[in-house]
Amino acid sequence: MSYLMMDFGGLQLSELEAAQLQHEAVGGVILFSRNFASRVQLCELVRQMRAIRNDLLIAVDHEGGRVQRFREDFTAIPAIGDILTAADNDMTLACQWARELAFVMAVELLACDIDLSFAPVLDLNRISEVIGKRSFSADPQEVTQLASAWIEGMHSAGMASVGKHFPGHGSVQADSHIAMPVDERSYEQIAAVDMQPFIRLCASGMLDGMMPAHVVYSSVDPNPAGFSRYWLQDILRDKMAFDGVIFSDDLGMHGASFAGGFKARAAAALDAGCDMILLCNDPAGVAEVLADFPWPKQASTRPARALKADPLLVAGALDNEKRWQRGRELAMQLNGCSNK
């Protein structure tokens, strides 16, 4: 019955945090920059967490560009929105680069025993204040092609993929970290444009996980997508036949305040169909739900631990030093292009 992915405050676990990791509702940990000082320190931190709970799903947002939590001793992955431009719009070359960059991103995390990066972003680069070059492109077909290649690179290293932010955050301006974005378009308009990468990648079976947006699509449903049974059950599960793990976005974000306090947010997200909820940047919120919340007694039929890294693939990837070095050189090359 592991439903909660929590974070913690610093470079090592406090006694309280170590105790919280043993709670039966906790199934994962998400790491941030505040948890990183060096690669050696990070590996020791992960070792300590594994000693407490070896079954934990350990994750991070490590997309590249401005969203990369670990820097020193890690390859600086360029923003994915720069790949196609750097390739002079040669899609074949851009897809090749996407595979190699995703492999490097994944293998460097897996070498530290981190299971998952919440990637790739499937939103379109349109008007959003928070997406921008976190997206591959403004064009749905280009996003689909490049994201497919990115996922192939992750999978080749042994890492699962998590598409975000369903059904698309790129065509609404406000940042859901600090506001409550509202998209007033019809379902037909959203499905014809922003949803296309999600639809196509679900159909291909490439997506292992999905993270919905803290966005209200007001002409479709009054609840943000991550709290909406319509979006998660009727559309994602039934119409799109997605059978992977659904993660909530961070319930500490302003876009989640729609549902009320932390216990109300947790209940709404789980009731809507999330298999694992994320609660970050609010230790009091974590303490509140762990101390007094009616967690479902039956474990999810889609346990997030199923997304833990594949040991055999990881072992092979870690031995592929030539590919890792090739990817590092590519990243340096593309960072040089994006800085011009």
- Query: Could you list, in sequence order, the residues of region 185-217 that are of a type in the set (Phe, Trp, Tyr) and under 15 Å from the mean Cα position of the chain (by Cα)?
  - Reply: Phe198
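Results for (1) outside any helix (DSSP H, G or I); (2) of a type in the set (Gly, Ala, Ser); (3) open to solvent by 10 Å² or more (accessible area, probe 1.4 Å), shown as yes or no for each residue.
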| site | (1), (2), (3) |
| --- | --- |
| Ser128 | yes, yes, yes |
| Leu146 | no, no, no |
| Ser156 | no, yes, yes |
| Met159 | yes, no, no |
| His165 | yes, no, yes |
| Gly168 | yes, yes, no |
| Ser171 | yes, yes, yes |
- Task: With respect to Ser117, determine if the residue is at pLDDT 95 or above, closer than 20 Å to Arg200 by Cα and small (Gly, Ala, Ser).
- Result: no
- Would you mind stating whether Arg99 is more than 18 Å from Ile77 (Cβ to Cβ), touching a Ser or Thr at 6+ places or on another chain (Cβ under 8 Å) and touching a residue at least 24 places away in the same chain (Cβ under 8 Å)? no
- Task: Could you tell me whether region 43-53 includes any residue that is in contact (Cβ under 8 Å) with a residue 40 or more places away in the chain and closer than 15 Å to Asn281 by Cα?
- Result: no
- From the list Ile151, Ile127, Ile131, pick out the single residue that is out of contact with any strand residue (DSSP E or B) (no Cβ under 9 Å at 6 or more places or on another chain) and among the hydrophobic types (A, V, I, L, M, F, W, C). Ile127
- Message: Tell me whether region 187-200 contains one or more residues that are modelled with pLDDT of 95 or more, more than 16 Å from Leu124 (Cα to Cα), open to solvent by 40 Å² or more (accessible area, probe 1.4 Å) and of a type outside the set (Ser, Thr, Tyr).
- Response: yes
- Task: Exactly one condition in (1) within 13 Å of the chain's Cα centre (by Cα); (2) of a type in the set (Val, Ile, Thr); (3) not in a helix (DSSP H, G or I) is not met by Ile151; state its number.
- Result: (3)
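The values are calculated or read from the model by the stated rules, or taken from the named source; none is laboratory data. Source: prediction; values computed, not measured. Don't worry about glycine lacking a Cβ; one is built from the backbone with ideal geometry, like all the others, and counts go over all protein chains shown. Side chains included, ligands, DNA and RNA excluded: accessible areas come from the protein's heavy atoms. Shrake-Rupley method; radii C 1.70, N 1.55, O 1.52, S 1.80 Å.
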